[in-house]
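Quick notes on the structure that follows.
Laboratory data are not the source of any read-out in this text; all were calculated from the coordinates shown. Values in this document were obtained by computation on a predicted structure and should not be read as measured data. Don't worry about glycine lacking a Cβ; one is built from the backbone with ideal geometry, like all the others, and counts go over all protein chains shown.
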Amino acid sequence: MYYYAKSPTNYAFKIQITGGFNHRIVHASRCYPGSVHDLTILRESELLYYTEENVQIIDDKAYIGEQYVITPRKKPRGGQLAAEDKDFNRSISSERAVIEN
């Protein structure tokens, strides 16, 4: 089901694992084919039902636009990021790196 030699997007499967800052797994999704977008997995996992003002998710740019999901700020078309936006992105990346590693 998750492997099809003629399609480069189906060589893998995806599982979304959510961890807390205490380095404990708090949620794991079911397996999806590699071609499914990360945002689709998040929406189907029902993890968003548990988010609110004081319980938020830090993630990458694939999740821009979701409520209570903190993502890095994108560079405007033809422009540059302000210094405070770069600092914000750096802090988000350092927080995510701890969990991803």
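What is the angle, in °, between the Cα long axis of helix 83-100 and the longest principal axis of the Cα atoms in the chain? Nearest 10 is fine, range 0 to 90. Compared with the principal axis, the helix lies near 40 degrees. Highest mean first, the peptides 18-24, 81-87 sorted by other C-beta atoms within 10 Å per residue fall in the order 81-87, 18-24.
Using θ = phi - 60° in the Karplus curve 6.51 cos²θ - 1.76 cosθ + 1.60, the 3J(HN,Hα) couplings for segment 64-78 round to 4, x, 7, 5, 6, 10, 8, 10, x, 7, 7, 5, x, 4, x Hz; x is entered for Gly and Pro. Computed from point charges on the beta carbon alone (+1 for Lys and Arg, -1 for Asp and Glu), the dipole magnitude for the chain about its Cα centre is near 480 Debye.
May I have the count of lysine pairs in the chain with C-alpha atoms under 26 Å apart, counting pairs 8 or more residues apart or located on different chains? Number of lysine pairs found: 8. When the chain is treated as a Gaussian network with alpha carbon springs shorter than 10 Å, the biggest mean-square fluctuation among Y50, Y68, Y32 belongs to Y50.
Ranking I99, L81, T71 by how far each Cα lies toward the positive end of the dipole of the chain (charges on Cβ) leaves L81 at the top. Just checking my list [x] 16.1; [y] 15.4; [z] 16.7 against Kirkwood radius over Cα pairs in Å computed from this structure; which label fits? Recomputing Kirkwood radius over Cα pairs in Å here gives the entry labelled [y]. Between the amide H of K14 and those of Y32, G34, distances stay under 5 Å, these residues lying 5 or more places away or on another chain, with hydrogens modeled in the peptide plane.
I'd like the antiparallel share, as a percent to the nearest 5, of DSSP beta bridges with both residues in the chain. Before the final figure, lay out each step's value.
Numbers: 6 of 8 bridges.
Percentage antiparallel, nearest 5: 75.
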